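Following: one structure in structure tokens, then a few remarks.
Taken together, the values in this text are just the output of simple stated rules run on the coordinates, not laboratory data. If you're wondering where the values come from, they're calculated on a predicted model, not measured in any experiment. Backbone-built Cβ (ideal geometry, glycine too); neighbour counts: all protein chains shown.
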Amino acid sequence: MGILLEGINGPVSGRVGNVVFYQVGNQTRARSLPYQPKKKRKPTIRQEMQRTRFKLMQDWLRPLRVLLRIGFRQDDSPRSGHNAAMSYNINHAIIDNDGIYTINPETFKFAQGPLSSPRNPTASLEGNAIHFTWEKPDVYATLGMARTILLIYNSVQQHCHWHSYGASAYRLKDTLETNYFGYEEGDECYAYIAFIDEETGQVSDSVYAGTLVMPPRPSRLKK
């Protein structure tokens, strides 16, 4: 506690917060207290679990940062697309197997929005192209001027390839060229599709379209 020695306008003596006042002759001097780091507490089991889940999802989302700004854009929320995607996927796309956490690719989403989602999409690999197909939207579908967002995610290399504003939602097919950049033979990759309205930028929830295993690169194929 600091003490006013000569009234409210007089010199100060003692401690105020992290500052100590003291007198040297006719001078009032001050010095800060040395920093004393707080003793680290061992995290609880629940805290440790949450940190592990958070890091797992953070690593998974790292290659998707740009795409998440489109897929999880929330104009009425201060949260970034990345933070919104973290919040959703930590709660819906992590599997707990006796304390061992893994990503569930089938429930993972890179987009979430009010448009109707693609119906029963599939993905197949032919050469260096991934072909997506989906069923005709039903009569109650809310699509507007919807076009595709296609994503292929390499879970081994943690690499992704995507494009937005592709084919019309009513075309029922689209293609994503891979060029094999960032892929190795045998890598397991996950395919996803969503719709985006070219006028409003609104999106649908993304949908898992299947798992693909990358073949040898063309240069490695036997003649």
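You can think of it this way: the chain between K173 and E135 has 12.8 nm of extra reach, that is 0.36 nm per residue less the Cα-Cα gap. Taking the average, over residues, of other Cβ atoms within 10 Å as the packing measure, peptides 101-107, 149-155 rank 149-155, 101-107 from highest down.
Please give the net charge around S155, taking every other residue with its beta carbon less than 13 angstrom from that of S155, where Lys and Arg add +1 and Asp and Glu add -1. Around S155, the charge tally is -4. Plainly put, the range 45-220 has a radius of gyration that is 0.98 times its Kirkwood radius, both from alpha-carbon atoms, as the Rg/Rh ratio. Under 12 Å from a label point 7 Å along Cα→Cβ of V156: give me every residue in the range 177-212 with its amide N that close. In the range 177-212, the label zone of V156 (backbone N under 12 Å from the point 7 Å along Cα→Cβ) covers 182-190, 212.
Under the simplified labelling scheme, the M145-K55 pair shows an inter-label distance of 4.7 nm, with each label point 7 Å from Cα along Cα→Cβ.
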